[in-house]
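Visitor: Dropping a structure here in structure tokens format, bear with me for questions.
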Amino acid sequence: MKENDKRISKGNGYGYYNHKASFPRSLKFQRLYNGYTQKDLASILKINTRTISNWEHGIGSPRASQLFELAKLFNVSMDKLWKSS
């Protein structure tokens, strides 16, 4: 188990949950829920589409200013966007 993993109950057994993976899931959920494509978000943030894809796959993370823009766009708090699972 990695140092950043936390143990959680999953049904009858136990699994491991990496809390760093919550942002990628949250970003993708919010993007799809709000009807945006990766290209749309990249255009709004003035970044490469590949960057959005990387974030959704847990590769890298946005700067605070980008996280703020995403939270504002999705009408959620930065904390919720960053930590939601």
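Visitor: Please specify each residue of region 32-79 satisfying the condition of being within 19 Å of Ser22 (Cβ to Cβ) and surrounded by fewer than 13 Cβ atoms within 10 Å (Cβ to Cβ).
Guide: Passing the criteria: Leu32, Tyr33, His57, Ile59, Gly60, Arg63, Ala64, Asn75, Ser77, Asp79.
Visitor: Separate question: Would you check which residues across region 29-50 are assigned to a loop (DSSP other than H, G, I, E, B) and among the β-branched types (Val, Ile, Thr) and list them? Step through it out loud before you land on a result.
Guide: Quick first cut of region 29-50, residues assigned to a loop (DSSP other than H, G, I, E, B) only: 34-37, 46-48.
Thr37, Ile47, listed by residue number.
Visitor: Right, here's the next one. Would you please name the residue that is modelled with the lowest pLDDT, looking only at residues in region 66-85 that are touching a helix residue (DSSP H, G or I) at 6+ places or on another chain (Cβ under 8 Å) and outside any helix (DSSP H, G or I)? Outline the logic, then answer.
Guide: In the first step, residues of region 66-85 are kept if they are touching a helix residue (DSSP H, G or I) at 6+ places or on another chain (Cβ under 8 Å); the result is 66-71, 73-74, 76-78, 80-85.
Next, from what is left, pick out any that are outside any helix (DSSP H, G or I): 76-77, 84-85.
Numbers: Val76: 95, Ser77: 94, Ser84: 62, Ser85: 50.
So, considering only residues that are touching a helix residue (DSSP H, G or I) at 6+ places or on another chain (Cβ under 8 Å) and outside any helix (DSSP H, G or I), the one modelled with the lowest pLDDT is Ser85.
Visitor: Something else about it: What do you reckon, is Ser53 at pLDDT below 95 and under 11 Å from the mean Cα position of the chain (by Cα)?
Guide: Working: at pLDDT below 95: no; under 11 Å from the mean Cα position of the chain (by Cα): yes.
Criteria not met by Ser53.
Visitor: If you don't mind, another one. Restricting attention to region 64-73, does a residue exist that is touching a residue at least 24 places away in the same chain (Cβ under 8 Å) and of a type in the set (Lys, Arg)?
Guide: Initially, region 64-73 is screened for residues touching a residue at least 24 places away in the same chain (Cβ under 8 Å), giving 69-70, 73.
Now restrict to residues that are of a type in the set (Lys, Arg): none.
No, that holds for no residue.
The values are calculated or read from the model by the stated rules, or taken from the named source; none is laboratory data. Treat the numbers as computed from the prediction; the structure is a model and nothing was measured. We place every Cβ from the backbone using ideal geometry, glycine too, and count neighbours over all the protein chains shown.
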